[in-house]
1. Leaving ligands and nucleic acids out of the surface, order TYR137, TYR67 by accessible area at 1.4 Å, largest first.
2. Suppose every K and R has +1 on its Cβ and every D and E has -1 on its Cβ; what is the size of the dipole of the chain about the Cα centre, in Debye to the nearest 20?
3. For the range 1-48, just say rounded, prolate or oblate: build the C-alpha gyration tensor, square-root its eigenvalues into a ≥ b ≥ c, call rounded for a/c under 1.5, and beyond that prolate if a/b exceeds b/c, oblate if not.
4. Name the aspartates and glutamates eligible as straight-distance cross-link partners of LYS18: C-alpha to C-alpha under 14 Å, and not fewer than 8 places from it in the same chain.
5. Over the range 51-156, what is the relative contact order in percent, taking alpha-carbon pairs closer than 8 angstrom and at least six residues apart?
6. What is the helix-to-structure angle for 124-137, meaning the angle in degrees between its Cα long axis and the longest Cα principal axis of the chain, kept from 0 to 90 and rounded to the nearest 10?
7. Largest first, what is the accessible-area ranking of TRP16, TRP116 with a 1.4 Å probe?
8. If you fit an axis through the alpha-carbon atoms of helix 141-157 and take the longest principal axis of the Cα set of the chain, what angle between them do you get, 0 to 90°, nearest 10?
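The values are calculated or read from the model by the stated rules, or taken from the named source; none is laboratory data. None of these values were measured; they are calculated from a predicted model. We place every Cβ from the backbone using ideal geometry, glycine too, and count neighbours over all the protein chains shown. Quick note on the areas: whole protein, heavy atoms, side chains included, nothing else; ligands and nucleic acids left out. Shrake-Rupley method; radii C 1.70, N 1.55, O 1.52, S 1.80 Å.
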Amino acid sequence: MVTGELDKEAEIYEMWNKNYPQDSIPHTNLGFIDIILGQYEKAIPEIDAALQLEPTIVDYGNLAIAYRSLNRLNEAASALEQAQVHMLDGGFLHQERYFLAFLKGDTGEMERNLNWAAARAGDEDDLLSSQADSEAYYGRLRKAREFSRRAADSAARGGSNETAEL
């Protein structure tokens, strides 16, 4: 990631997958690389393979990102529902639910996910930042600044000083 040599990283994960076919990590990471490269269709089978081996928050979140990026919102929602079926929950999934709700114009669902994150270090600042972006999108800049300030304060309280300074 740091050097930008994602093709070399992908080669390593492909070799890892050949040698250890029951390990979900290479599938997870190959899917993530595909997402970074904007190859969402290619990411889906890798993430599905990882989920077959070991369902995780990261893989369900990445699957939702891939489907959302392809404007396949129902399938993105389904991925998030499957995470719930597997009793998986976390900030990453709530942020994806928030993004889907934003795209659908469902302010109630956006607020539910924002409220879920309240006082959860590491999650609250991310969702508050998303809310700031939403407010800015609608031209409510005063509200956007307020949510950005709250996100920075939350990050600082959680010990994420670099995030707070952004």
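1. TYR137, TYR67
2. So the magnitude is around 720 debye.
3. oblate
4. List returned: GLU46.
5. Relative contact order of the range 51-156: 19 percent.
6. Tilt of helix 124-137: around 70 degrees.
7. The most accessible residue leads, giving TRP16, TRP116.
8. For helix 141-157, the angle is close to 60 degrees.
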